[in-house]
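Working notes for the structure below.
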Number of protein chains: 2
Amino acid sequence: MSTQTRKIKIRKANEALILEAAEKIFAISGYKGAATGDIAREAGIPKANLHYYFKTKFRLYREVLEHILDDWMAAAPIFDTRHEPEDVLRSYVTAKMEFSRQRPYGSRVWAREIMSGAPVLDDFLGTTLKAWLEERVRIIRRWIHEEKIRPVDPHALMYMIWATTQHYADFEQQIMILNGGKAFSERRYRQRTNEVVRLVLNSVGL
Amino acid sequence: MSTQTRKIKIRKANEALILEAAEKIFAISGYKGAATGDIAREAGIPKANLHYYFKTKFRLYREVLEHILDDWMAAAPIFDTRHEPEDVLRSYVTAKMEFSRQRPYGSRVWAREIMSGAPVLDDFLGTTLKAWLEERVRIIRRWIHEEKIRPVDPHALMYMIWATTQHYADFEQQIMILNGGKAFSERRYRQRTNEVVRLVLNSVGL
DNA sequence: ACGTATCTTGACCATTGGGTCAAGATACCA
DNA sequence: TGGTATCTTGACCCAATGGTCAAGATACGT
């Protein structure tokens, strides 16, 4: 193994470790509320070491957000691969529910960023996300025009899907408490996912 | 006016002023991230004065949450006053949308509290809110039994309503950016409210 | 007008927290 | 094995922040 490779390996491993810890702490405490010392402790390294890999807390935060965006957008293409509205919506809602299950902290960091006024995501929202959304809106309009689904406000529909699926990540704690203090089992979560799919499909008349 | 009354008047006025400022700052920065100095500046008073009315930041935070709970629960009885599912759901969704419009900061403080693990609301969620929810669940089950709506998972439905309506408060900034950078007009928001109502009604087969 | 309770506020204190630094430890190649 | 680049870490610095205090200012009943 070359020096280069070795170095890169150590760096990548430590960066990944720190990013994961940071995502959790930022999710729980918010940007301002998160202490780099807490993040370092969560990662099991000294604070100075964290600052060796990420010069500033802000840079670290930005990279955490970028990570989340990558994974968030990964669920995006699903909207295109199938063609019947029912298949597309089912796949998309299922993928979003899966994301909420797998990456609850990521979803919360996103939510907090928006609630803080989206100082960092502002640009992304206005360009990439807006373009992506408008494309899906166009697809939905086509479905309506072809009378494949009942006439709905496409934006209202998309927001309902986002809100509902992300709710299972962002409000996980509330859901757990309302569920008698115990978390959903794998199986129960899959059933719930199907229920959400059915609600969404019915909302557009499918 | 008696001394007592006068004193109380000054105190109440200042407390209200501080609580409003605090709700905004907590909504934007989170509990840990919010500085009492910022809250004081937002309220237009010196920090020492704020601490005269609220001994600690934590006490202030708790009172802000209590305020929000009061208003949140105010929308709750609507679920009972009318009897046909369609009327009940329409009124409830409309009330929640109205709350998101009028008190966006309150909704965000709530969301942040839950995402932090609900350290303060924990008790409320497990008792009052759980009881309230289970009562509504029972009502929904009755509707299903009477075949007034199609069979849905009552919890999944309630969470969809909460998530979707609160989305308009918590993600206001994102919605604005996706709307081309301009906020919804009163009229547009009312239209959107009706769209949300229709989506919800359709989701249960109405 | 006087006395008392409340309110106001600048100055101050102790702790926390982001970020730096320099002295080692480690890894790898020649 | 020696040299160099990277990595690790305790100690340290300074600005920000929650909270205190004591000296006034204000309000109001008598």
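The values are calculated or read from the model by the stated rules, or taken from the named source; none is laboratory data. Just so we're clear, the structure is a prediction, and the values are computed from it rather than from any experiment. With ideal geometry, Cβ positions are generated from the backbone for all residues, glycine too; neighbour counts draw on all protein chains shown. In case anyone asks, the SASA skips ligands and DNA or RNA and just uses the protein heavy atoms, side chains included. Shrake-Rupley method; radii C 1.70, N 1.55, O 1.52, S 1.80 Å.
Within segment A:119-141, residues that are free of Cβ contacts under 8 Å to residues at least 24 places away in the same chain reach no partner that is open to solvent by 50 Å² or more (accessible area, probe 1.4 Å) and of a type in the set (V, I, T) with beta carbons closer than 6 Å at six or more positions or on different chains. In segment A:88-101, is there at least one residue being within 14 Å of chain B (Cβ to nearest Cβ) and within 16 Å of DNA strand D (Cβ to nearest atom)? No, the conditions are met nowhere in segment A:88-101.
Do we have A:M97 as surrounded by 15 or more Cβ atoms within 10 Å (Cβ to Cβ) and closer than 18 Å to B:S29 by Cα here? Answer is no for this residue. Selection over segment A:132-150 of residues that are in a helix (DSSP H, G or I) and open to solvent by 90 Å² or more (accessible area, probe 1.4 Å) gives a count of 4. Would you check if B:E195 is within 11 Å of chain A (Cβ to nearest Cβ), acidic (D, E), part of a helix (DSSP H, G or I) and within 17 Å of the chain's Cα centre (by Cα)? No.
Being at pLDDT 95 or above, in contact with a helix residue (DSSP H, G or I) (Cβ under 9 Å, 6 or more places away or on another chain) and either within 16 Å of DNA strand C (Cβ to nearest atom) or of a type in the set (D, E) (or both) is a description that does not apply to A:K96.
Yes/no per residue for (1) touching a residue at least 24 places away in the same chain (Cβ under 8 Å); (2) facing chain A (nearest Cβ under 10 Å); (3) at negative phi; (4) not in a helix (DSSP H, G or I):
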residue: B:R108; (1), (2), (3), (4): yes, yes, yes, no
residue: B:M158; (1), (2), (3), (4): yes, yes, yes, no
residue: B:I177; (1), (2), (3), (4): no, yes, yes, no
residue: B:A183; (1), (2), (3), (4): no, no, yes, yes
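The set of residues in segment A:38-67 that are open to solvent by less than 30 Å² (accessible area, probe 1.4 Å), in a helix (DSSP H, G or I) and within 12 Å of DNA strand D (Cβ to nearest atom) comprises A:A40, A:A43, A:L50. As a summary of the residue check, B:H83 satisfies the conditions (1) modelled with pLDDT under 95; (2) buried (at least 16 other Cβ atoms within 10 Å of the Cβ) except for the one numbered (2). Among the residues of segment A:33-80, the one identified as touching a helix residue (DSSP H, G or I) at 6+ places or on another chain (Cβ under 7 Å), under 23 Å from A:P104 (Cβ atoms) and without any contact (Cβ under 8 Å) to a residue 12 or more places away in the chain is A:G33. The residue list B:A27, B:A111 contains one member that is open to solvent by less than 20 Å² (accessible area, probe 1.4 Å) and away from DNA strand D (no atom under 16 Å from the Cβ), which is B:A111.
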